[in-house]
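Below is one structure, written out as structure tokens, with a few remarks after it.
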Amino acid sequence: MTTPDHQSATAKDLTYRSPMALVAGVLLLVLAGWLGFDALVHGNGRTPWLALAALILVVPLVIAFTLRPAVFSGEDRLRVRNPFRVISLPWGEVASLRSGYTNEVIANSGTKYQLWAIPVSLRARKKAARQQSRAKAAGKGEGQPFGSGAGGFGLFGGLGGHDGPTRAESDKIMDDLRTVLERRGQAKSAQGEVTVRWAYEVIAPVVAGAVLLAVLLATG
């Protein structure tokens, strides 16, 4: 499940992260630090060097895939921070926001960018569908056609009203982003070019760690 917070690049941006990914990332870093420190301090021969190389490789990867991903929704642009790239899309350049097995933003050029910070939970969608089925069976859905909620889409498109309890959290977030797109897509300040920046601060240590580990293993 992904939840919004207000810690973003600007005061007006709304930031979305995955709490489960954050928790998993912290636990993995603690585990890697504990094992790596033990090997560095108590290891013999080449073990400390192998542990150091593994830490240089693994730690940035853990950070990249768990702590780093975030989606920043601002008034003029959508900024997507994925493991190895940062994509900035003015709302005028966003063609659509699509959900299936993953959540994606599609630029006017047709290029697709995955929203790593807003993972799709098929389990949550199935649970939401079951809740809606029970509500309909109990007569709570009378007068409201199935799928009348805002932005029905994906494998379980139309899981109910946006404010209702029968919609997966990630789907609600995508609805929020669609609302901003509809409201700001034609705004003059929301026009511009899509920019993509590679996260060399992540890529460089990963490559260095991989090379060092490969050299150590090859010369062992």
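The values are calculated or read from the model by the stated rules, or taken from the named source; none is laboratory data. Small disclaimer: the values here were computed from a predicted structure and weren't measured. Here Cβ is always computed from backbone atoms with ideal geometry, including for glycine, and neighbour counts include all displayed protein chains. When the accessible area is computed, the model is the full protein with side chains, heavy atoms only, and any ligands, DNA or RNA have been set aside. Shrake-Rupley method; radii C 1.70, N 1.55, O 1.52, S 1.80 Å.
When the range 193-205 is examined, which residues are found to be assigned to a loop (DSSP other than H, G, I, E, B) and either closer than 18 Å to Leu97 by Cα or open to solvent by 60 Å² or more (accessible area, probe 1.4 Å) (or both)? Listed by number, the residues that qualify are Glu193, Val194.
For the range 35-78, residues that are open to solvent by 60 Å² or more (accessible area, probe 1.4 Å) and outside any helix (DSSP H, G or I) total 5.
State all residues of the range 206-220 that are within 24 Å of the chain's Cα centre (by Cα) and open to solvent by 40 Å² or more (accessible area, probe 1.4 Å); if no residue qualifies, say none. If the condition is that a residue be within 24 Å of the chain's Cα centre (by Cα) and open to solvent by 40 Å² or more (accessible area, probe 1.4 Å), then Val207 is the only one that fits. Name the one entry in Leu22, Leu28 that is surrounded by fewer than 17 Cβ atoms within 10 Å (Cβ to Cβ) and outside any strand (DSSP E or B). Answer to the check: Leu22. Against the condition among the aromatic types (Phe, Trp, Tyr), closer than 25 Å to Ala204 by Cβ and either buried (at least 19 other Cβ atoms within 10 Å of the Cβ) or in contact with a Pro (Cβ under 8 Å, 6 or more places away or on another chain) (or both), how does Phe84 come out, does it pass? So Phe84 fails the test.
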